[in-house]
Amino acid sequence: MRRNKLLNVIFLFVLLALIDSSYLGYIHYGNSNNVLCNLSENLNCDKVNNSIYSVFPPGNGVSVALISVFVFAFISILIILIKKKKLNVKIWENIIFYIVLLGFLFSLGLLYVSIFILYSFCLFCLMLDLLILIILILMIILKRK
């Protein structure tokens, strides 16, 4: 796959992650029951998204979803600037890679919390975890080109 096409695919997955994060932020701050995702006690977005672990630092911080929105918006802007050749490609692709790697490690920590502490999963959070993993794999492929 050509480098430019691969960057377009990464951009698409980043936009999907931005949409997912925005929705999670909406249900976090909207205090509404997320009927779409509350399927049972163990598949319950509200339970996960309103726990003390849904903010960073846990208990009294900023919504993880809101942080994700800003991160994916920032990555989107960087990709656009890279494609327009406004930024040094190698340096900024490396920066994006490390941001995504950090996000992946953070999502692993949140997945641990869902499995071993909350005993409940949020389908939109799991979708975001998967998107982050896909973006990370695509960034690894991009770095090898």
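Within region 28-41, can one find any residue that is within 19 Å of the chain's Cα centre (by Cα), among the aromatic types (Phe, Trp, Tyr) and at pLDDT 90 or above?
no
Could you please find all residues in region 10-28 being of a type outside the set (A, V, I, L, M) and over 13 Å from Ile67 (Cα atoms)?
Step one: filter region 10-28 for residues of a type outside the set (A, V, I, L, M), giving 11, 13, 20-23, 25-26, 28.
Phe11, Phe13 - these are the residues of region 10-28 that are of a type outside the set (A, V, I, L, M) and over 13 Å from Ile67 (Cα atoms).
Got a sec? Which of Ile67, Ile79 is surrounded by 14 or more Cβ atoms within 10 Å (Cβ to Cβ), of a type outside the set (Ser, Thr, Tyr) and in contact with a strand residue (DSSP E or B) (Cβ under 9 Å, 6 or more places away or on another chain)?
Working: Ile79 fails: in contact with a strand residue (DSSP E or B) (Cβ under 9 Å, 6 or more places away or on another chain).
Step by step, each of Ile67, Ile79 is checked, and only Ile67 is surrounded by 14 or more Cβ atoms within 10 Å (Cβ to Cβ), of a type outside the set (Ser, Thr, Tyr) and in contact with a strand residue (DSSP E or B) (Cβ under 9 Å, 6 or more places away or on another chain).
So, in region 102-145, of the ones that are of a type outside the set (S, T, N, Q) and outside any helix (DSSP H, G or I), which residue ends up nearest to Leu16 (Cα to Cα)?
Cys122
For residues that are of a type in the set (Lys, Arg) and in contact (Cβ under 8 Å) with a residue 12 or more places away in the chain, scanning just region 95-145, find the one that is farthest from Asn49 (Cα to Cα). Don't jump to the end; show me each part of the working.
At the first step, the residues of region 95-145 found to be of a type in the set (Lys, Arg) are 143-145.
Filter again for in contact (Cβ under 8 Å) with a residue 12 or more places away in the chain, leaving 143, 145.
Numbers: Lys143: 34, Lys145: 38 Å.
That would be Lys145.
Just give me the residues in region 100-123 being among the aliphatic types (A, V, I, L, M) and farther than 20 Å from Ile134 by Cα, in sequence order. Break it down stepwise before answering.
Narrowing region 100-123 to residues among the aliphatic types (A, V, I, L, M): 100-102, 105, 108, 110-111, 113, 115, 117-118, 123.
Matches in region 100-123: Val113, Ile115, Ile117, Leu118.
Where in region 1-87 are the helices (runs of 4 or more DSSP H), entirely inside, with at least 2 residues that are more than 18 Å from Leu123 (Cα to Cα), in contact with a helix residue (DSSP H, G or I) (Cβ under 8 Å, 6 or more places away or on another chain) and in contact (Cβ under 8 Å) with a residue 40 or more places away in the chain?
Numbers: elements: 3-30, 45-49, 64-83.
Hits in region 1-87: 3-30, 64-83.
From (1) over 14 Å from Leu111 (Cα atoms); (2) crowded, with 19+ Cβ neighbours inside 10 Å; (3) touching a Cys at 6+ places or on another chain (Cβ under 8 Å); (4) of a type outside the set (Lys, Arg), pick out the condition that doesn't hold for Val48.
So the condition that Val48 fails would be (1).
The values are calculated or read from the model by the stated rules, or taken from the named source; none is laboratory data. For clarity, every value in this text was computed on a predicted model and none was experimentally measured. FYI the Cβ positions are ideal-geometry reconstructions off the backbone, even for glycines, and counts take in every protein chain you see.
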